[in-house]
């Protein structure tokens, strides 16, 4: 039996075993090798990190100090400005007043010459003025360094009207303004509204505007009217001071009623019979004239 083949086989077997052992050795080393990332120690803060934190803290301290300095400076400037004579009021203008006096406006606004303009709250001044019954709207503006401009829109009184036993001034829409008193007396026509007819007051301004053509057609001595009366039964009634004449106008189909009344008035004036008329009523497209003596 030849030994050569056996030796060859043994040699091959030894090579295979050697490779296997080398391979297993490498795997073992890889398994036993510690992970660099897992076992790497954490870096400790160095001098540069400490310097960075110190610089940030210093910057914050500087910013805080600058903010405080600016705030203190603004407070100082504000106190100086609101107490300086440079901004003391010397020129106070009031526009748009008819029923209020200049003194009444300044008293209501709590404004006077010499008061510091910058120390005034314009909103507060406007609120005080609007609380006055005569004032509808108001605007207050500074005119630096020493001026103030007050512009007022007043309620316009058109009538006297009775409410809760007191006579009031009322505007064109029958809204109450303030009580009639001797200190502020305005001669105006009386407005009467029958009980249950208060809703007619909403159209009062429109009704009187349409009635203007009738008023203009009357002779000059019939002006101004002395009384306006609203009722659901009669509509609008107009009486004239010193004249025994009443005009009654139905509010339904008012335009047609006015047109017919104007025709009748023109006819009465042309025949010189207007002075004998005591009542002219225009309702439902028809006109009635009541005449009498005295």
Item to check | FRET efficiency for residue 183 and residue 102, using Cβ-Cβ distance with R0 set to 22 Å, rounded to 0.05 | outcome: 0.90
Checklist entry - With each pseudo-label sitting 7 Å past Cα toward Cβ, what's the residue 65-residue 124 distance in nm, one decimal? => result 3.8 nm
Item to check | Antiparallel DSSP beta bridges within region 85-154, as percent of all bridges there, nearest 5 | outcome: 65 percent
Checklist outcome for this item: Of all DSSP beta bridges with both partners in region 189-291, the antiparallel percent, nearest 5, is 65 percent
Next on the checklist: Given contacts defined as C-alpha pairs under 8 Å and at least six residues apart, what's the relative contact order of region 85-154, whole-number percent?
Outcome noted: 45 percent
Checklist entry - Once Rh is set to the Kirkwood radius over Cα pairs, what Stokes-Einstein translational diffusion coefficient, in µm²/s, holds for region 85-154 at a temperature of 37 °C and a viscosity of 0.692 mPa s? => result 276 µm²/s
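Laboratory data are not the source of any read-out in this text; all were calculated from the coordinates shown. Remember, predicted model here, so these are calculated numbers, not experimental data. In this analysis, Cβ positions are derived from the backbone assuming ideal geometry, glycine residues included, and neighbour counts consider all displayed protein chains.
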